[in-house]
């Protein structure tokens, strides 16, 4: 099993042509705002081929679903819809306690979907690699919906960043 940091994971996503957008704390960092985070939040294109490539990679890297379900269930739209409607699940969480990146959250219930976000995505270049990062306005929408204390702090900094970009 490989030990990959965030960049290593992005490199694998790009190599496998997985359609993803970084959101959450790592997106805040990549947009130029320093803050601590321990997980990786993603929006994925929720189509069969993309989800199958993603799940296959996650299994190869040793990730498992945090909730007691088979990781393959994530590829099934009916299952995801049921989790959102009946279990109030906002993100499908994958964990690997042995990995550098111990937790990866795939956002499945958000005011901003992959298809909406892709039009405003910023491609951040790091180590000869392009990483798709959610646009600031879309990230603010997502963070307002979650309502956590850290998200309100992020929103303040993101709004300042947005104003700086207008100048």
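Odds and ends about this structure:
- Residue within region 139-150 that is modelled with pLDDT of 90 or more, part of a helix (DSSP H, G or I) and closer than 13 Å to residue 30 by Cα present: yes
- The set of residues from region 5-27 being over 17 Å from residue 139 (Cα atoms), in contact with a strand residue (DSSP E or B) (Cβ under 8 Å, 6 or more places away or on another chain), touching a residue at least 60 places away in the same chain (Cβ under 8 Å) and not in a helix (DSSP H, G or I) comprises just one member, 19.
- Members of region 54-71 that are surrounded by fewer than 18 Cβ atoms within 10 Å (Cβ to Cβ) and outside any loop (DSSP other than H, G, I, E, B): 56, 57, 59, 60, 64, 65, 71
- Within region 28-49, tally of residues that are in contact with a strand residue (DSSP E or B) (Cβ under 6 Å, 6 or more places away or on another chain), closer than 25 Å to residue 77 by Cβ and part of a helix (DSSP H, G or I): 0
- Flag if residue 112 is touching a residue at least 12 places away in the same chain (Cβ under 8 Å), in contact with a strand residue (DSSP E or B) (Cβ under 6 Å, 6 or more places away or on another chain), crowded, with 16+ Cβ neighbours inside 10 Å and not in a helix (DSSP H, G or I): no
The values are calculated or read from the model by the stated rules, or taken from the named source; none is laboratory data. Quick caveat, the model's predicted, so the values are computed rather than measured. Positions of Cβ are backbone-derived with ideal geometry, glycine not excepted, and every protein chain shown enters the neighbour counts.
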